[in-house]
Amino acid sequence: MSDFMNPQSGDPVPPLALFLDFDGTLVDLAPTPDGITVPPELISEIRSAREAFGGAVAVVSGRAIADLDRYLPDRLAIAGGHGTERRGADGSLEASSDDIGSAAVTIADQVADFVDAHEGLMMERKSAAVALHYRHAPDLREECIARLTEAATSVGFGIVDGKMVVEARPSTISKGSAVRAFMQETPFKGRLPVFIGDDTTDEDGFAAAQELNGIGMKVGEGETVAKLRTPDVESVRAIIRGLVDRYGAGAAAPEVM
């Protein structure tokens, strides 16, 4: 266990800002996006964290905000679509532009016939991104990447290859850009960012947090830029509870420069 979570450490603790991926981090992965199970106690744990850290808790996910609101409490601060839409802790919403939305529609239209022609593939249309899920057709991975790359390049989008999914998204927007935007706002500003995620799409978030003198934590195996690692969803939730107990309201918290 690192000094970050070591209760024996006597070092003063800076105020934290907690950024959390959703699928594979707060909830276990499922065969389909709608197949996840959200434990009731997760909601109370997130509420406790938000209270302990003065509201500086945000979910940063590839899912749309409207989708995440079905599972998460009280209009939480969220970056959806890998940062293409964002809701601040004050409830203010930054939606994706019409141009980005139109580009996502173009991509989806270009790969629709390919998806329809292959059993086991699923296309997820988002407001500012397009995802091809190939969990039930893993042999089609390379072709999914090729087809989506071709469509994405035509409108200036980039490709991210995740866990049994490949996604097209705007090249200039990422989970890292979402973290940086949150860190300019109250109540995140002036805190130490902690970003926890499990997939390649979270690497930008790890990098952004660490560039801001914070911490990236990778869930599970695989190469990563994150400085810390934890094994699974259950351990993430234990870490959140531990952070609340150790570093929440009442902890000594000098200013972060």
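Before moving on, here are some points about what is shown:
- Per residue solvent-accessible surface (Å²) - the range 33-140, probe of 1.4 Å: 44 Å²
- Using the rule -39500 (n - 2.57) for each DSSP H run of four or more residues, divided by the residues of the chain, the 222 nm mean residue ellipticity is -9500 deg cm²/dmol.
- Degrees separating the helix 141-153 axis from the principal Cα axis of the chain, which is the longest one: 90 degrees
- Placing a label point 7 Å from the Cα of ALA117 along the Cα-to-Cβ line, the residues of the range 143-157 whose backbone N sits under 19 Å from it are 143-154.
- Pairs beyond 23 Å (Cα-Cα), from LYS163/LYS227; LYS175/LYS218; LYS126/LYS227: LYS126/LYS227
- The range 75-133: GluC sites (Glu not before Pro) in DSSP coil with no more than 10 other Cβ atoms inside 10 Å: GLU119
- With DNA, RNA and ligands ignored, accessible area of THR37 (1.4 Å probe; Å², nearest 10): 110 Å²
- Rounded if a/c under 1.5, otherwise prolate or oblate - the range 97-238, Cα gyration tensor axes: oblate
- Ordered from highest to lowest accessible area with the whole protein assembly present and a 1.4 Å probe, HIS82, HIS136 read as HIS136, HIS82.
- Between the C-alpha center of the range 47-77 and that of the range 111-156 there is a gap of 28 Å.
- Degrees, to the nearest 10: 40-52 long Cα axis against longest axis of the chain: 50 degrees
- In terms of its C-alpha gyration tensor, the range 34-118 comes out oblate, because a/c is 1.5 or above while a/b does not outweigh b/c.
- Using only side-chain charges placed at the Cβ, +1 for Lys and Arg and -1 for Asp and Glu, the dipole size of the chain relative to its Cα centre rounds to 780 debye.
- Cα shape, the range 106-173, gyration tensor, a/c 1.5 rule: prolate
- GNM remark for the chain: springs join alpha carbons under 10 Å apart, and the peak mean-square fluctuation among GLU150, GLU41, GLU211 falls on GLU41.
- Protein heavy-atom surface of the chain, 1.4 angstrom probe: 50% of the accessible area is carbon and sulfur, with nucleic acids and ligands not counted.
The values are calculated or read from the model by the stated rules, or taken from the named source; none is laboratory data. In this text, all values refer to a predicted model and were calculated from it rather than measured experimentally. Positions of Cβ are backbone-derived with ideal geometry, glycine not excepted, and every protein chain shown enters the neighbour counts. For accessibility, only protein heavy atoms count, side chains too; no ligands or nucleic acids. Shrake-Rupley method; radii C 1.70, N 1.55, O 1.52, S 1.80 Å.
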